[in-house]
Amino acid sequence: MGRLLSHLSTVFLGLLSGAMLLIAVSFVPFWRSIAPAEFRHWFSANSFSIGALMFSLGTGSAVASVGAWIFAQGEAMRRWFLLSMLGALAVVLVTLVINEPANRLFIEPGALNDVDTSELLVTWTAWHWIRLLFGMGAFYAAVNAIAEPRAVVPTRAPSPKI
């Protein structure tokens, strides 16, 4: 179980960080290049599918990171998975407290005018970079954790010596 969770945590964190990086370097510049009303229309049409992917990756990362930390063996490995878990939970916290409330405002008709949309997108982007850094830090810590010699709980009991 420990080996599976440690690898799942690392994979989920890598995918989550990559997806957040894609949003930061691809979607955000596009969003900023279009008029605020057009952005709100685009976001309303596409945010559900993006959010579904990001929610799955974020939840998987957080749950697997907690499990990997619980099953980690060795002091150095536990320390790396603790850092990884804290980073994953920080991504979830920033998402739930900052980005998701902004996402709801972007899609709610009449909630924002053009000036408010532009200002909120700047704030959203800044916090997105912060959560991206948390995610990349968590991924880095997870990679270091599985590189530790006693990185996971063995999946099979040792054979008895005769």
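Nothing in this text is a laboratory measurement; each read-out follows from the coordinates by a stated rule. The model shown is predicted, which means the values in this text are computed figures rather than measured ones. A quick note on method: Cβ atoms are made from the backbone with ideal geometry, for glycine too, and the neighbour counts reach across all protein chains shown.
Summary of computed values
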| item | result |
| --- | --- |
| Simple spin-label estimate for residue 33 and residue 75 in nanometres, 7 Å along Cα-Cβ | 5.3 |
| Contour excess over end-to-end distance, with Cα ends at residue 119 and residue 96 and 0.36 nm allotted per residue | 6.4 nm |
| Listed candidates [x] 9, 32, 27, 17, 9, 4, 1, 0; [y] 10, 42, 39, 9, 0; [z] 11, 35, 25, 16, 8, 3, 1, 0 - label of the one calculated as P(r) over Cα pairs in 10 Å bins from 0, in percent | [z] |
| Within the chain, longest stretch free of exposed trypsin sites (Lys or Arg not before Pro) [DSSP loop, at most 15 other beta carbons within 10 Å] | 1-149 |
| Computed E for residue 59/residue 111 - FRET, C-beta separation, R0 22 angstrom, nearest 0.05 | 0.25 |
| 12 Å beta-carbon shell around residue 58, net charge (K/R +1, D/E -1) | 0 |
| Centre separation in Å (Cα based) which lies between the range 28-77 and the range 83-135 | 10 |
